[in-house]
Amino acid sequence: MILDDDDFGQKTATIVSQSQLASQLGIKPTDTTASTKVAGQDDVQPIFTKPEEQKVAQIAYEVIRKLEDQPATVPTLAHLKNPEVQAAIVKAVKEQHRPTQMELEGVTEQPDFAAVVAKTVELVTQQTIEIPRILVVPKGEVKAGFKPFTLKLDTLKYPAVSEELWIQHLRTGQRDEVTLGVGGIEEKRIEDYVVSGLMDFDDVSYDDQADLLYDLAAQTVKHFCGYLSEDDARKVLRCYQRDIAKFIHAQMQEHSWEEDVDYEVVVSKGYVELKPSAYTYSVNEPTADYRVSPDDKSNMSKYVFGGFKCCLYPVQKFASEAERVLAVILERDAEKWFKPAKGQFLIFYKQGADHPEYQPDFVAETKDTIYMLEPKASNQMADPIVLAKKVAAIKWCKNATDYALANGGKPWRYVLIPHNAIAVNMTLDGLAKQFSA
């Protein structure tokens, strides 16, 4: 990418895209500065024009948010419309409500709490895709470890560690020698440098697998002693202990095992609040129309797109042209959709010893289904990380479907779509039939 003077001169700022629901209720995002722009704040008309009603609605929304943690009472958003649930919300709102000014009985008009709560509940139901918070908890103790194997150490080469540091005085040119000790803790056995380094990893248990650890350590010591003296090998193991442990631990992942254990699916929330997203944008660049392909498709992430009718947020950013086209399809075929922010789902996939968070690209709801959509470059469809994310997402969708159907909700489907299959003349239903797992 070639940057010209205009690119360097562009000023950037932060724009916060909070849900349309929050904007319509008059809620302002927290943790913003004076220079932060809130997307759609000037364009969205508040549902309640009277200040006192808006205040009641905001209190009602906070009460509804707290009901997230009571899936036994409110398993889905539809249950908020039950008369007993709404009566409980009205009661809680009245207890928390404080008038903005001193009231004179019979003079100040009281808001219609029941009507405001009912309208707020209706708005929440319309402007949210209900995403349950799902936890998969093992029943009993999970036992795991590593099988014995032969390390591949050909590429592990460190030179002997010098203990001498030379200092040259700039004024006189005189050179002095300073003797240094090698860092780290002095171990009695040379193998202990490897073993103690491996014990720093959370998935390594010394009590259960001491024999394996010392076998791997012996292999490593033998490798270094093959081209270094034992004294130099000790210094290398002591100085580069952490890097050597990482090298060995990476190979251990290919030989890991875990006992089959039963898992219990726990739904801690029946629905969760839609999280805001913060984007960097160019101050001189207007919000782009999602229906129009931008000139610079190779630098898609610099654009902030708007003009949506079915999106649950006023603006969105896309990582590719395929994502923009998919948004066009969703605006036409879905009832509502959005690109989730990090932490919206809390889905984690396995990548070696780590479990990074997976953030789906799109979520869309139709009349009878909720889709988790992942457009991906066609040459990455068989990538191990993409497949690991797919496995985690399919499991999540199955658990979410089981919960939703048991409580009158809609099933979830995961759809991994190659970018070259996404075209404006395609339908969401057609893509789902062809690429859903």
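The values are calculated or read from the model by the stated rules, or taken from the named source; none is laboratory data. These numbers were taken from a predicted model, which means no experiment stands behind them. Every residue, glycine among them, receives a Cβ derived from its backbone with ideal geometry; neighbour counts consider all protein chains shown.
General remarks:
- Any hit, the range 228-247, residues being over 34 Å from the mean Cα position of the chain (by Cα) and under 24 Å from residue 354 (Cβ atoms): no
- Every residue from the range 268-324 that is of a type in the set (A, V, I, L, M, F, W, C), assigned to a helix (DSSP H, G or I) and surrounded by fewer than 21 Cβ atoms within 10 Å (Cβ to Cβ): 300
Per-residue answers, yes or no, for (1) out of contact with any Pro (no Cβ under 8 Å at 6 or more places or on another chain); (2) of a type in the set (S, T, N, Q); (3) modelled with pLDDT of 65 or more; (4) in the same structural domain as residue 248 (by TED's automatic domain parsing):
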{"position": "153", "(1), (2), (3), (4)": "yes, no, yes, yes"}
{"position": "162", "(1), (2), (3), (4)": "yes, yes, yes, yes"}
{"position": "166", "(1), (2), (3), (4)": "yes, no, no, yes"}
{"position": "169", "(1), (2), (3), (4)": "yes, no, no, yes"}
{"position": "175", "(1), (2), (3), (4)": "yes, no, no, yes"}
{"position": "178", "(1), (2), (3), (4)": "yes, no, no, yes"}
{"position": "182", "(1), (2), (3), (4)": "yes, no, no, yes"}
{"position": "186", "(1), (2), (3), (4)": "yes, no, yes, yes"}
{"position": "192", "(1), (2), (3), (4)": "yes, no, yes, yes"}
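- Consider the range 259-300 and keep the residues that are touching a residue at least 40 places away in the same chain (Cβ under 8 Å) and acidic (Asp, Glu). The one that is nearest to residue 28 (Cα to Cα) is 273.
- Residue in the range 142-163 that is nearest to the chain's Cα centre (by Cα), counting only those that are more than 21 Å from residue 237 (Cα to Cα) and not in a strand (DSSP E or B): 142
- Against the numbered list (1) polar (S, T, N, Q); (2) surrounded by 15 or more Cβ atoms within 10 Å (Cβ to Cβ); (3) touching a helix residue (DSSP H, G or I) at 6+ places or on another chain (Cβ under 9 Å), residue 344 comes up short only at (3).
- Residue that is nearest to residue 401 (Cα to Cα) [pool: residues in the range 414-437 that are of a type outside the set (A, V, I, L, M) and in contact with a helix residue (DSSP H, G or I) (Cβ under 6 Å, 6 or more places away or on another chain)]: 414
- Among residues of the range 231-251 that are closer than 20 Å to residue 351 by Cβ, those with a beta-carbon under 6 Å from a residue that is buried (at least 16 other Cβ atoms within 10 Å of the Cβ) and small (Gly, Ala, Ser) at least six positions away or on a different chain give the pairs 245/197.
- Taking the conditions (1) polar (S, T, N, Q); (2) under 30 Å from residue 289 (Cβ atoms); (3) at pLDDT 95 or above in turn, residue 344 satisfies each one other than (3).
- Residue within the range 99-120 that is in a loop (DSSP other than H, G, I, E, B), exposed (fewer than 13 other Cβ atoms within 10 Å of the Cβ), touching a strand residue (DSSP E or B) at 6+ places or on another chain (Cβ under 7 Å) and at pLDDT below 80 present: no
- Comparison of 367, 410 shows that the only residue that is in the same structural domain as residue 135 (by TED's automatic domain parsing), modelled with pLDDT of 95 or more and touching a strand residue (DSSP E or B) at 6+ places or on another chain (Cβ under 7 Å) is 410.
- Members of the range 13-37 found to be of a type in the set (Val, Ile, Thr) and either within 19 Å of residue 123 (Cα to Cα) or modelled with pLDDT under 80 (or both), listed by number: 27, 30, 32, 33, 36
- Whenever a residue of the range 43-57 is acidic (Asp, Glu), its partners that are modelled with pLDDT of 90 or more, lying with C-beta atoms within less than 6 angstrom and at least six residues away or across chains, give the pairs 53/116.
- Taking the criterion of being touching a helix residue (DSSP H, G or I) at 6+ places or on another chain (Cβ under 8 Å) and touching a residue at least 12 places away in the same chain (Cβ under 8 Å), the residues of the range 211-230 that qualify are 213, 214, 216, 217, 220, 221, 224, 228.
- Just one of the listed residues (371, 358) is free of Cβ contacts under 8 Å to residues at least 40 places away in the same chain, hydroxyl-bearing (Ser, Thr, Tyr) and within 20 Å of residue 133 (Cβ to Cβ), and it is 358.
- Unique match (being surrounded by fewer than 17 Cβ atoms within 10 Å (Cβ to Cβ), closer than 30 Å to residue 204 by Cα and out of contact with any Leu (no Cβ under 9 Å at 6 or more places or on another chain)) among 429, 354: 354
- Residues of the range 393-412 satisfying the condition of being within 22 Å of residue 380 (Cβ to Cβ) and surrounded by 18 or more Cβ atoms within 10 Å (Cβ to Cβ): 393, 396, 397
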